[in-house]
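Just so it is clear, none of the values below were taken in a lab; they were calculated from the coordinates. Since we're looking at a predicted model, the values are computed, not measured. No Cβ is skipped: glycine too gets one built from the backbone with ideal geometry, and neighbour counts run over all protein chains shown.
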Amino acid sequence: MKNYEYLDLAAVRARLASARGREYWRSLEELAETEGFTDFLEREFPRQASVLEEGPGRRQFLKLMGASLALAGLTACTRQPAEEILPYVRQPEELVPGKPLFFATAMPVSGVATGLLVESHEGRPTKVEGNPQHPASLGATGVEAQASILTLYDPDRSQTLSYLGEIRSWAAFLGAIRQALDAQRGKQGAGLRILTETVTSPTLADQIQSILKLYPAARWYQWEPAGSRAARTASLQAFGQPVNTYYRLDNAAVIVSLDADFLTCGPAATRYAHDFAARRRVRGNQTAMNRLYVVESAMTATGGKADHRLPLRPSEIERYAAALAQAVGTPGAGPAQGGWPDQWIGAVARDLQRNRGNCAVIPGEHASPAVHVLAQQMNQALGNAGRTVIHTDPLEARPADEIEELRGLVNDLNSGVVDLLVMVGGNPVFTAPADLKFKEALGKARTRVHLSLYDDETSALCHWHVPETHYLEAWSDTRAFDGTVSIMQPLIAPLYRGRSAHELLTTLTEQFERSGYDIVRDYWRRRSPAADFEAWWRRALHDGVVPNTALPPKTVAVKSGPPASRPARSGIEIAFRPDPYLYDGRFANNGWLQELPRPMSKLSWDNAVHVAPATAEKLGLQSEDLVELRFQGRTVTAPVWISPGQAPDSVTVHYGFGRTRAGKVGNGAGFNAYALRSSSAMWNGAGVEIRKTGRKYRLATTQNHHSMQGRHLAISGEAGEYRKNPRFARDLAKEPPPSLTLYPEWKYEGAAWGMAIDLTACVNCNACVVACQSENNIPVVGKEQVGRGREMHWLRVDTYFKGSPDDPSAVYQPVPCMHCETAPCELVCPVQATAHSSEGLNDMVYNRCVGTRYCSNNCPYKVRRFNFFRFADWDTPSLQPMYNPDVTVRSRGVMEKCTYCVQRIREAQITAKREDRGVRDGEIQTACQQACPTQAIVFGDINDKNSRVARLKGEPLNYSMLAELNTRPRTTYLAELRNPNPEMGEPGQGDIPAGLRRERT
Amino acid sequence: MPEQQLLDAEKGQAPVIGPGHTFATVTDKISSVVLTQRQPLMWFATLSTAFLLTMLLLLAVTVLFAKGTGIWGINMPVAWGFAITNFVWWIGIGHAGTLISAILLLLNQPWRNSINRFAEAMTIFAVACAGLFPILHLGRPWLFYWLIPYPNTMGVQPQFRSPLVWDVFAVTTYATVSVLFWFVGLLPDLATLRDRSQTRLGQMFYGMLAMGWRGSARHWRQHEVASLLLAGLATPLVLSVHTVVSFDFTIAILPGWHSTIFPPYFVAGAIYSGFAMVLVLAIPLRAAYGLGDLITMRHLDNSAKVMLGTGLIVAYSYLMEAFMAWYSGVGVEKFLMLNRMTGPYAEQFWMLVSCNIVIIQLLWFRKVRQNTLALFGISIVVLIGMWLERYVIIVTSLHRDFLPSSWGMFHPTRWDWATYTGTIGLFLLLFFLFVRLLPMISIFEVRTLLPEARVKEETRA
């Protein structure tokens, strides 16, 4: 056996570092020929060893291999885009190692964007925050934006351009495209088809227009599985033109939602939640609150937040809308009867009429067009248009009915005229309505090109697959819900040589090789109104929004009468909804989103058939029963989940799951609801059959019990009761007197960190949970471990139901570590691994932890999380740059928990110290606080009596959870207030006559 | 029945030693088990089973160290499961040995002389099994020594407010004193074996262990003083060790744990399960080795009575626990008790009640106490019951505490079972090696039970 000398990489690195230029290369050559290195190579590449021995090629091969290996191993790996991008907050002379920079960009989903600031550590984006200047964000973010950083570094992303699964160069692709286009030139592009998702990007639209100018016979189609077709169809019916509608909830005192989950779903949800919560804050004498009525078929986060909620089947919602429209005085609306209590028409209509011009009727994105028409008629009749309801020109470059578009493409395909099909993003093979048989038709296109982040279901059926850039890797532009344009700048050079949509589409033009930067900048150079383009450009990039690009409100009159009333459908109805996190399935390979518990069901890693308790009883179903769901002749097998608040005789399924080529994370999670979805029943349908299979399917949830057991945990009351006794929550919480201890009170000399969480503001969007996961390097554990109760989220949103299971109301309570003054966990740790800091933080010392887990047993809030295995991913190289360098990646066998983002506290303290000042209030934002759309979470120094958190803790609504244990938590809650309409005559949903309410587990 | 004939006509009790024994027969009988007798089939059968189970333990521990505590069923909120249950169970079993050897010595109960040796051995092996678990259950077991105060460069010491640190002291003290006591007690008998051994190896082995014991009056005197002193040391340990173990629970604020009744309740429970284990070991031993005249029905009867007594204390504690939960008026406490009785672990709870309270009532009847088979069965039931008691205390208290949102369930995995049965194997392996290599009954102490010994003393007086 030959005694190998190990290659001393450190020595090699030192040797290379001292060499320069030509010398450098010479060193590499020398390096490649040393005996140690050849041995190293042979050991690393045993299969090559025989090749290496063979004569002539050996020297050359070794040199190449040696150089590339040495370079790969020895160079720094910062991947900065070549073009200039501008930091947002601070613009240092040069990058200071250890100091993160923030850059503004935007994340589009289905073409509609949220503005973001992305934290970058030495050129690696690590954390996404909201852009305070962006209308859809106002500094906050949704779940998907928070999780997008994981998608960027996802090792399963497509990494190479391929032709029929074989790796090809970009030049080869370009050659093939040009050849195909040459054939099209003669026939005006009659065989060219472009399929995109919804396009709002001005640059992209301009590119497509120029392609269509070049090939007039070519066609451009748009397909969007979760698109807003209903609203568009309705606007055509009602106004005679396509119109984009959004709502100014900051002006709305009364809101009626017709199957709209507007607080947590949709491109403007973050903004809506912000505006909604802003009108709900009760502070001191300011006791006015808005009121929310929700009529919906499935229990959503918005429905749980409602002051009054009415579960109705989708077809009944349409009839209810008609009846309400008639009651508010919409001309021509006919009466309709249904299974709802009378006050749901009378009292609601009166409440709306009392608030003419200050109310809003919001139709659900996925409700029928008739509901949309009726809602806009009501808004018109109530004088809301222009005040709470804003109409503008459409955001899309070309508004189109996505079903008709896809049908058109399928017809083209089937007629055999398509020579070259270019699909820009999207995954139509997976998402197309089942009856269109897109998958079968696709094969009839002679050349198929698919640009996509993943080598997905559609890529598998295409000739060419081009890896797409992540939005953090590419130049582009996009629009917000109100039309505001953001120019997206990349934070990092494409990790896998991906191409953006702009760069792909430019291959179809005469300028077939242009960078995304040139394309976008060139477009705006032509459009920019400013004299000094360079200044304008820098400003736009810096701010993350292009000024004055919001679409102007326009006045449109309702032209049509109310839609003909349709009879309520018989049989069990089915509603198709996008998954709240995976959306249409595009985020299926994102572990954070898969594991994030769904707002109401707390299901993780799976979707389910949501069935009402009464219906389940009728059909003899139990949660986790595997059933066969049959709809319009198509069948899927899926597990049942009994959802309190689901409308009886209706089921809701979420699509986006059941991917087969999503990647290692998303494959096999859940079932594919698209298999049931047809173009005639995109969102709602009737006549679904449910057949028990007799088998069980284990679902993983993070919360199994949704009843508070009469305990005062998430306290909620009513506005009226607050006016009578503002301290009702404190009375219930029974805080022991501070004298109840033998020890003298500890004096906090400097800061004393604390947090106040306003339960009235929390809408259960879970953005805080993902923000925390991203900030604190929290691992994903997988379905099996979640099922065992080992999820690692440091922050969770507890959801409790009250009232009857058929029609419950819900309370949401985010629970981070309480940082108790007298923390039970600290007392029992045998090795002082969890201890109190001088600022009152309950610190966790990972290095010292031996893992007795006693601290968790003794934590009444159960916020501690244990690394039962080595959950953190230490091995996947692509994930390593993602980790927050300020936070330890934990090993197995140690306890962890919320730290109040201590790394952010220290950072601010260091900055303050260098500037010779104290830390300002609001300077430190915890990750959860920063992400929260409604500003429900406030963090700060409670020793500073003027800080926001200290003032909130002085509010009469402020109480400590489990105060009776005398743990004296630093995290306190502001009790939830509801504003029920006395006319509705329902029993209040508050907690006041404590313990007397019907409660079921 | 032969057993009946042994009844002492006067007291209606069996004698502590069978008739017809002399000093020589006692020594012959006990030492022959080690030196000359062929081991009975039961020894081979038990030892090989125990060996296989010990191998299973090794496998389970290897997997545990390689992968982490996640191989067990523990989770959040039930972060303690089998490991701590087993720890408390084993420690409890050990208590009977110390009670018999120390307290009964001080209380001058001569009947203890024929069972104290193997009861002490049982204590040591049980403590050895118990001592494994606190280390195995750590997330990072290789750092267990951080619980021990020692001068270190980190400048950190254990946190002395934590009962887990008290545990370290309690258990190590207990183990040390038990081993010393046992070994000191063994010295005269080791010398006997040295003198009687026919092989060179045996003479060397026992000779070294006997540490030069020659049986001089001076030796005997010092031996007696040392034994009494160690008994005095061990006596408070019987009470303190399980009291400290119960602090592991009572210090916590968790409903079901936070209770002042635990120390006496745990001590009683420990002795209860300890005597059950004594019976479980004694009954087959005396049958297999024909030791019925040394471990007589009197011993079994007395052990059964201790079991009945401590069992009643345990029953009273259960009752008090339930009463206090109701009487306190604290919602979570009431809920806990109700949940124990009717919740998902109700089966285990009612099983424990029937094992620990209902079935032992049979011991009121002499007929049952005189029936070795019944006694053996009841002892097994008590051991199961006492294991369930700890399981119920740990799991039902943790699985549904203050916040319903965080409630969960504990389901043991096969590795939980493997580790548990593995330690039973280890215990039996050590015990049966002890039976083979050392005198399982104290020769010199049993000789003092003989009439000859008594006569001499009386005449001297």
Completion exercise
Taking Cα atoms, the helix B:200-210 axis meets the longest principal axis of chain B at an angle in degrees (rounded to 10) of 70 degrees
Practice task
Please report, to one decimal in angstroms, the Kirkwood hydrodynamic radius of chain B built from all distinct Cα-Cα pairs.
Solution key: 23.5 Å
Handout entry: For residues of A:788-795, the mean tally of beta carbons on other chains within 10 Å
Key = 4
Practice task
Work out the mean other chain Cβ neighbour count within 10 Å for the residues of A:825-835 and drop it here as an integer.
Solution key: 6
Practice task
Relative to the longest principal axis of the C-alpha atoms of chain B, give the angle of the C-alpha long axis of helix B:163-196, reported between 0 and 90° and rounded to the nearest 10°.
Solution key: 20 degrees
Practice task
Only loop residues by DSSP count here, and only those with at most 15 other Cβ atoms within 10 Å; note down the trypsin sites (Lys or Arg not before Pro) in region A:182-213 that meet that.
Solution key: A:LYS187
Fill in the blank from the handout: Long-range share for the protein assembly as shown, i.e. C-alpha pairs more than 52 Å apart as a percent of all pairs, stands at 41 percent
Completion exercise
A correct Karplus calculation of ³J(HN,Hα) over region B:147-156, with 6.51 cos²θ - 1.76 cosθ + 1.60, θ = phi - 60°, whole Hz and x for Gly and Pro, returns 7, 9, x, 8, x, 9, 6, 6, x, 10
Problem - Calculated FRET value between B:LEU233 and B:LEU433, using beta carbons and R₀ = 25 Å, to 0.05 - result: 0.40
Practice task
Please name which of B:ILE380, A:PHE671, B:PHE349 has its Cα lying farthest along the dipole of the protein assembly as shown towards the positive end, using unit charges on Cβ (Lys, Arg +1; Asp, Glu -1) and the Cα centre as origin.
Solution key: B:ILE380
Exercise for the section: Using the number of other C-beta atoms within 10 angstrom as an exposure proxy, rank A:GLU617, A:GLU534, A:GLU365 with the fewest first. Expected result: A:GLU534, A:GLU617, A:GLU365
Fill in the blank from the handout: If unit charges are put on Cβ atoms (+1 for Lys and Arg, -1 for Asp and Glu) and the dipole of region B:2-460 is taken about its Cα centre, the option from B:VAL26, B:MET337, B:VAL245 lying farthest towards the positive end turns out to be B:VAL26
Problem - Other-chain or far-sequence residues with amide H under 5 Å of B:LEU294's (modelled H) - result: B:GLY18
Handout entry: Average silhouette area of region A:361-501, convex hull of alpha-carbon atoms, in square nanometres
Key = 10.8 nm²
Handout entry: Ranking of A:ARG232, A:ARG407 by count of other Cβ atoms within 10 Å, fewest first
Key = A:ARG407, A:ARG232
Practice task
Whole number please: convex hull volume per residue, Cα atoms of region A:573-701, in Å³.
Solution key: 94 Å³
Practice task
For chain B, find the longest principal axis of its Cα atoms and tell me its angle to the long axis of helix B:451-460, 0 to 90°, nearest 10.
Solution key: 70 degrees
Handout entry: Selection from B:PHE275, B:ILE261, B:LEU285 lying farthest towards where the dipole of region B:259-381 points positive, charges on Cβ
Key = B:LEU285
Fill in the blank from the handout: Calc'd 3J(HN,Hα), region B:328-336, phi into Karplus 6.51 cos²θ - 1.76 cosθ + 1.60 (θ = phi - 60°), Hz, glycine/Pro = x, comes to 5, x, 7, x, 5, 5, 4, 4, 4
Handout entry: Interchain or long-range residues, amide H under 5 Å from A:THR126's placed H
Key = A:GLU119, A:SER120, A:HIS121
Exercise for the section: In whole angstrom, note down how far apart the Cα centers of region A:870-943 and region A:177-231 are. Expected result: 45 Å
Problem - Under the span-like rule (Cα at least 27 Å along the axis, Kyte-Doolittle mean at least 1.6), DSSP H helices of chain A - result: none
Completion exercise
Counting sequence-distant residues (5 or more places) and residues on other chains, those with an amide H built under 5 Å from that of A:THR652 are A:ALA575, A:HIS610
Exercise for the section: Can you put B:TYR391, B:TYR318 in order of Cβ neighbours within 10 angstrom, beginning with the fewest? Expected result: B:TYR318, B:TYR391
Problem - Per-selection metrics, region A:244-392 (Cα): Rg and Dmax in Å - result: 14.1, 45
